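> To start, I am sharing the structure in question, which I have written as structure tokens.
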Amino acid sequence: MTTSTTAARSARLDRVRERLAETGVDGLLLSHGADLPWLTGYRAMPLERLTVLVLPREGEAVLVVPELEAPRVPVLPAGMSIRPWSDGEEPLDLVAGLLGGDVSRLGVSNRAWAATVLGLQERLPDAGFFPASRVTSVLRAVKDEAEVAVLRMAAAAADRVAAALQGGDIRLSGRSEREVSAELSARLLAEGHRKVNFAIVGSGPNGASPHHEAGDRVIGRGDVVVCDFGGEYALPGEDVGYCSDITRTVAVGDPGPEVRECYDVLRAAQAAGVAAARRGVAAEGVDGATRAVIVEAGYGERFVHRTGHGIGLEEHEDPYLVEGNRELLEPGHAFSVEPGIYFPGRFGMRLEDILVVEAEGAEVLNQADRGLVALEA
Ligand code: ZN
Ligand code: ZN
């Protein structure tokens with residue numbers, strides 16, 4: 001772990017405490033999910049044994065962790081200590097004791113086990129509980145420099161895989177979607193990802209299903225193929241990685257004029273979304289910008305999902321680029337811009353890059369060719 005990472009985590013803790021004070025929340029109880037690694041660098045395994053960071057508004061934060069997991073906990077930021085518990089102890093009693101009796105509003109990890117929450121409610125009958133994301137998600141959405149640096153490396157690694165796809169190094173013709181998906185996954189790992197989150201390969205009619213699971217369909221001449229893949233990338237020595245997510249659509253042989261025209265619309269829509277992404281613009285404004293181009297071209301009904309999602313420790317997190325989200329974009333917001341056009345029973349196409357909003361405009365992290373590359377049939 002680098003000093004800058006530890007310093008960044010301390011700064012995040014300060015921001016959380018400020019927000020607890022502003023919102024009148026007594027504390028957070030962070031178990032499974034991304035809030036805990038964001039603050040501590042430690043990701044709890046989804047075990048039945050309880051791990052929770054007890055983070056009161058004031059005073060020391062304490063990571064309650066099973067004794068046998070304690071060796072995996074990295075050096076914690078200042079103001080945090082660790083309290084291992086051994087089998088035979090009741091960790092929920094320990095948590096209630098650390099909080100003391102005088103708590104009325106507590107945020108709990110969105111992904112904490114129900115058993116944890118129910119056990120806490122029993123022990124703290126006067127406290128009100130709500131999802132911790134109400135405190136943390138707006139903070140986590142704004143990436144600090146340490147986070148942007150890792151997102152940039154993750155995107156560059158995904159770009160190298162996309163370049164291999166577009167360069168013909170990953171053969172498509174004559175192979176099943178599943179085989180291509182496996183190769184995309186293997187290459188993500190070879191390019192430094194610690195894990196693969198998904199590798200969608202939707203060929204021909206399957207491309208019209210945005211989250212198609214790669215299957216047995218054999219790819220052949222004339223197919224338009226949507227490849228959407230990403231995983232988690234971590235710095236050496238870090239237990240916590242940031243996500244990549246890229247989509248490129250390729251053709252096997254000449255796709256013909258209809259597909260090319262449609263792709264021109266898609267590309268213009270994606271560029272319009274990227275151009276709209278700047279500080280002070282509402283998140284829904286980016287969605288509006290991509291959608292306007294697609295609607296204008298007559299494909300409005302074929303664009304069946306939101307324009308994008310925030311990305312960080314999780315593949316999908318705030319801010320969401322969706323109609324109705326009036327949250328204003330600000331420097332540090334990282335998200336995808338990924339319009340798609342889908343013709344059920346025939347073909348689909350999507351183009352996706354990850355962006356980070358800057359003081360002026362936005363940095364586009366993915367740089368792989370955005371054209372419709374036609375591969376050898
Ligand atoms: Zn994607
Ligand atoms: Zn995405």
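> Of the conditions (1) closer than 18 Å to residue 372 by Cβ; (2) within 22 Å of the chain's Cα centre (by Cα), residue 193 clears all except one; give me its number.
Unmet condition: (1).
Yes or no, residue by residue, for (1) touching a helix residue (DSSP H, G or I) at 6+ places or on another chain (Cβ under 9 Å); (2) within 29 Å of residue 377 (Cβ to Cβ):
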site: 209; (1), (2): no, yes
site: 214; (1), (2): yes, yes
site: 238; (1), (2): yes, no
site: 243; (1), (2): yes, no
site: 255; (1), (2): yes, yes
site: 268; (1), (2): yes, yes
site: 271; (1), (2): yes, yes
site: 280; (1), (2): no, no
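> Could you tell me which of the residues 314, 330 is part of a loop (DSSP other than H, G, I, E, B), away from ligand 1 (no atom under 15 Å from the Cβ), in the same structural domain as residue 261 (by TED's automatic domain parsing) and at negative phi?
Within the list 314, 330, the selection yields 330.
> Please find, among 262, 243, the residue that is in the same structural domain as residue 158 (by TED's automatic domain parsing) and either more than 16 Å from ligand 1 (Cβ to nearest atom) or out of contact with any Asp or Glu (no Cβ under 8 Å at 6 or more places or on another chain) (or both). Even if it seems obvious, please write down each step before you answer.
Working: 243 fails: either more than 16 Å from ligand 1 (Cβ to nearest atom) or out of contact with any Asp or Glu (no Cβ under 8 Å at 6 or more places or on another chain) (or both).
It is 262.
> Need the failing condition index for residue 274 against (1) without any contact (Cβ under 8 Å) to a residue 60 or more places away in the chain; (2) closer than 25 Å to residue 230 by Cα; (3) assigned to a helix (DSSP H, G or I), just the number.
Here residue 274 clears every test but (1).
> Is it true that residue 222 is assigned to a loop (DSSP other than H, G, I, E, B), modelled with pLDDT of 95 or more and in contact with a Gly (Cβ under 9 Å, 6 or more places away or on another chain)?
yes
> If a residue must be in a helix (DSSP H, G or I) and more than 16 Å from ligand 2 (Cβ to nearest atom), how many such residues does segment 191-219 contain?
Total meeting the criteria: 4.
> Just name the residue that is surrounded by the fewest Cβ atoms within 10 Å (Cβ to Cβ) out of those in segment 326-342 that are within 16 Å of ligand 2 (Cβ to nearest atom) and of a type outside the set (A, V, I, L, M).
Once the filter is applied, the top-ranked residue is 342.
> Only one residue in 304, 226, 274 is surrounded by fewer than 16 Cβ atoms within 10 Å (Cβ to Cβ) and within 16 Å of ligand 2 (Cβ to nearest atom). Which one?
On the way: 226 fails: surrounded by fewer than 16 Cβ atoms within 10 Å (Cβ to Cβ); 274 fails: surrounded by fewer than 16 Cβ atoms within 10 Å (Cβ to Cβ).
Answer to the selection: 304.
> What about residue 289, is it in the same structural domain as residue 315 (by TED's automatic domain parsing) and assigned to a helix (DSSP H, G or I)?
Yes: the conditions hold for residue 289.
> Every residue in segment 205-225 that is polar (S, T, N, Q) and under 15 Å from residue 250 (Cα atoms), please.
Result: 206, single match.
> Would it be correct to say that residue 347 is buried (at least 22 other Cβ atoms within 10 Å of the Cβ), among the aromatic types (Phe, Trp, Tyr) and near ligand 2 (Cβ under 10 Å from one of its atoms)?
For residue 347, the condition - buried (at least 22 other Cβ atoms within 10 Å of the Cβ), among the aromatic types (Phe, Trp, Tyr) and near ligand 2 (Cβ under 10 Å from one of its atoms) - is not met.
> Take segment 76-92 and flag every residue that is over 25 Å from the mean Cα position of the chain (by Cα) and closer than 22 Å to residue 313 by Cβ.
Correct list: 78, 79, 80, 82.
> Another question, then. List, please: which pairs have Cβ atoms under 6 Å, are six or more places apart or on different chains, and start with a residue in segment 227-249 that is over 15 Å from residue 149 (Cβ atoms) and assigned to a strand (DSSP E or B) and end with one that is basic (Lys, Arg) and within 11 Å of ligand 1 (Cβ to nearest atom)?
Within 6 Å, the pairs are 227/248; 247/350.
> Which condition number in (1) more than 20 Å from residue 36 (Cα to Cα); (2) surrounded by 19 or more Cβ atoms within 10 Å (Cβ to Cβ) is the one that residue 90 fails?
(2)
> While we're looking at this one, here's another question. Of the residues 8, 70, which is surrounded by 13 or more Cβ atoms within 10 Å (Cβ to Cβ) and modelled with pLDDT under 95?
8
> Just give me the residues in segment 43-55 being modelled with pLDDT under 95 and surrounded by 20 or more Cβ atoms within 10 Å (Cβ to Cβ), in sequence order.
44
> Then there's this: Among 327, 358, 301, which is the only one that is in contact with a strand residue (DSSP E or B) (Cβ under 9 Å, 6 or more places away or on another chain) and among the acidic types (Asp, Glu)?
327
The values are calculated or read from the model by the stated rules, or taken from the named source; none is laboratory data. Remember, predicted model here, so these are calculated numbers, not experimental data. All Cβ positions, glycine included, derive from the backbone under ideal geometry; neighbour counts span all protein chains shown.
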